[in-house]
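Here's the structure we're looking at; comments come further down.
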Amino acid sequence: MTNEHTRHRAAVIGVGVTPATSPRKQTRSAVELSADAARDALSHSGIEPTGLDAVVTGCIDGFEGTVLGSRYISRLLGLGDRLPVTTVNTGGTTGGNLLQVAVRMVRSGTHRRVLCLGGPTFFGARDLQAAINTNSPMIIEQPLGMGAYHMGAFAATAYARRFGVTARDYAAVAVADHAKAAQNPFAHLRYEMTEDEVLADRPLSTPLTQSMVCPVSTAAVALIVGRDDELDDVTTRPARVRGVGMSSDPYLGGGKGDFSELQNLATLAERVYAACDIRNPADDIDVVEVFAPYVHMQLMQLEALGFAAPGRAIDLIRSGATERGGRLPVNLSGGPKCTNAGISGELAPFAYAALQVMGDAPESMQVSGARRSLAQGTGGTFFQFENLAIFEAIDERRDR
């Protein structure tokens, strides 16, 4: 079910994003951050808490230091004690799946307005890297000594070998993301870097250095999804959810056909584009937010989504086409390369993409006249699982 031709059409009517920081420096608890994001989404939409009829939230057991921490947090938001809560746990794709679930709830007619809440994930594990490393299958892949960095480097190495991309090319992606994050008031790493600084940073797993990989952040993101024919009390110009979809590769790394391309994402994109009648994505989409915690992923994602030929996405970035004033602005938020707070980090591309067509992105990031945006999420040990959404502007902006 990827298109809008269901019982009701869904739209994002409110968005809340909190400023991100390091968990070591955070001054607000996970509950407080989640409450801030929920209240900001309500304030943005103009509706009251009584206008909600469900909450969809997520957790990744073991990362929060408690089981179903999200359900515990949702009870403390101050939104009432009778809202039904749906908890989603699909690992790294949890954040993107919150939107998928909420859209289906609204489209089916069972709910009118649903709050999607992506809270901070990395606040309970004392050794986060050790926790993340356990997501590789215990019997087959862990004995090889693989951790998250190594699994990320599989694709970086394969892609570079196939297309002749260099470590300096990967550094150029990091430089671009940092320059954009410096303009995002909600980003975690709000400083700029040079290619030489990225290349000289601490090596992790060839060809990746630490500056080519996302930070550990803490923040919260909330979206309100509602019916697009009940907008009388909404003060935003909602972002209609034109199409959504998800897909999956085999879980084990050995099940992937080719580490140098994202075949699964390309297949999903074809399906969602067809449902939305998108014939030429480079011409039909105004702004893009992809979930690329490793720099090479952004290149591969742009190619799988049809914005560049295989091996040529680096040309887009080096040409300036993906900048705010370019023909295809990409990750103007700085992306997860500069802010990754787990579930909220995965939900963030959908929030920023919706804000762009609502005309309510931070002024330093807003693309003038953006009418259609794309958001993508991914997860898994080798990023086998994909989420995709297309948002469109609704012409009428409500009186504020």
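The values are calculated or read from the model by the stated rules, or taken from the named source; none is laboratory data. All values derive from a computational prediction rather than experimental measurement. No Cβ is skipped: glycine too gets one built from the backbone with ideal geometry, and neighbour counts run over all protein chains shown.
Here are some notes:
- For segment 252-283, taking the residues that are under 14 Å from Ala353 (Cβ atoms) and not aliphatic (A, V, I, L, M), the one that is surrounded by the most Cβ atoms within 10 Å (Cβ to Cβ) is identified as Cys276.
- Gly245 vs. criteria surrounded by fewer than 17 Cβ atoms within 10 Å (Cβ to Cβ) and not acidic (Asp, Glu): no
- The residues on offer are Arg240, Arg168, Arg161, and the sole one that is among the basic types (Lys, Arg) and closer than 24 Å to Leu117 by Cβ is Arg240.
- Meeting the requirement of 2 or more residues that are over 21 Å from Phe163 (Cβ atoms) and in contact (Cβ under 8 Å) with a residue 24 or more places away in the chain, the helices (runs of 4 or more DSSP H) wholly within segment 294-361 are 335-338, 343-358.
- Candidates Ala348, Ala370, filtered to the one that is surrounded by fewer than 24 Cβ atoms within 10 Å (Cβ to Cβ), at pLDDT 95 or above, of a type outside the set (S, T, N, Q) and within 23 Å of Ala182 (Cβ to Cβ): Ala370
- Residues of segment 28-66 that turn out to be surrounded by 19 or more Cβ atoms within 10 Å (Cβ to Cβ), modelled with pLDDT of 85 or more and not in a helix (DSSP H, G or I), as a count: 7
- All conditions in (1) modelled with pLDDT of 95 or more; (2) of a type in the set (Gly, Ala, Ser); (3) in a helix (DSSP H, G or I) hold for Ala187, with the sole exception of (3).
- Among the residues of segment 1-27, those identified as in a loop (DSSP other than H, G, I, E, B), at pLDDT 90 or above and touching a helix residue (DSSP H, G or I) at 6+ places or on another chain (Cβ under 8 Å) are Arg9, Thr18.
- Checked against the criterion of being part of a loop (DSSP other than H, G, I, E, B), within 17 Å of the chain's Cα centre (by Cα) and either closer than 24 Å to Ala348 by Cα or at pLDDT 95 or above (or both), the candidates Val216, Val225, Val234 yield just one match: Val216.
- Identity of the residue in segment 373-393, at pLDDT below 95 and of a type in the set (Phe, Trp, Tyr), that ends up farthest from Val88 (Cα to Cα): Phe382
- Of all the listed residues (Gly245, Gly226), the sole one being in contact (Cβ under 8 Å) with a residue 24 or more places away in the chain and either of a type in the set (Ser, Thr, Tyr) or touching a Pro at 6+ places or on another chain (Cβ under 9 Å) (or both) is Gly226.
- Single condition Glu363 does not satisfy, out of (1) in contact with a strand residue (DSSP E or B) (Cβ under 8 Å, 6 or more places away or on another chain); (2) under 14 Å from Arg324 (Cα atoms): (1)
- Which numbered condition Arg312 fails, given (1) buried (at least 21 other Cβ atoms within 10 Å of the Cβ); (2) touching a helix residue (DSSP H, G or I) at 6+ places or on another chain (Cβ under 9 Å); (3) at negative phi; (4) not hydroxyl-bearing (Ser, Thr, Tyr): (1)
- Residues of segment 272-293 classified as under 23 Å from Gly243 (Cβ atoms) and not in a helix (DSSP H, G or I), total: 12
- Among the residues of segment 14-62, those identified as touching a Phe, Trp or Tyr at 6+ places or on another chain (Cβ under 7 Å) and not β-branched (Val, Ile, Thr) are Pro19, Ala20, Pro23, Ala30.
- Being within 21 Å of Gly14 (Cβ to Cβ), among the basic types (Lys, Arg) and at pLDDT 95 or above is true of Arg113.
- Scanning segment 162-209 for residues that are among the β-branched types (Val, Ile, Thr) and either surrounded by fewer than 17 Cβ atoms within 10 Å (Cβ to Cβ) or over 23 Å from Leu328 (Cβ atoms) (or both) gives Thr166, Thr194, Thr206, Thr209.
- Restricting segment 67-122 to residues that are without any contact (Cβ under 8 Å) to a residue 40 or more places away in the chain and not in a loop (DSSP other than H, G, I, E, B), the residue that is nearest to the chain's Cα centre (by Cα): Val88
- Residue ID - farthest from Thr94 (Cα to Cα), chosen from residues in segment 244-271 that are more than 22 Å from the chain's Cα centre (by Cα) and part of a helix (DSSP H, G or I): Gly254
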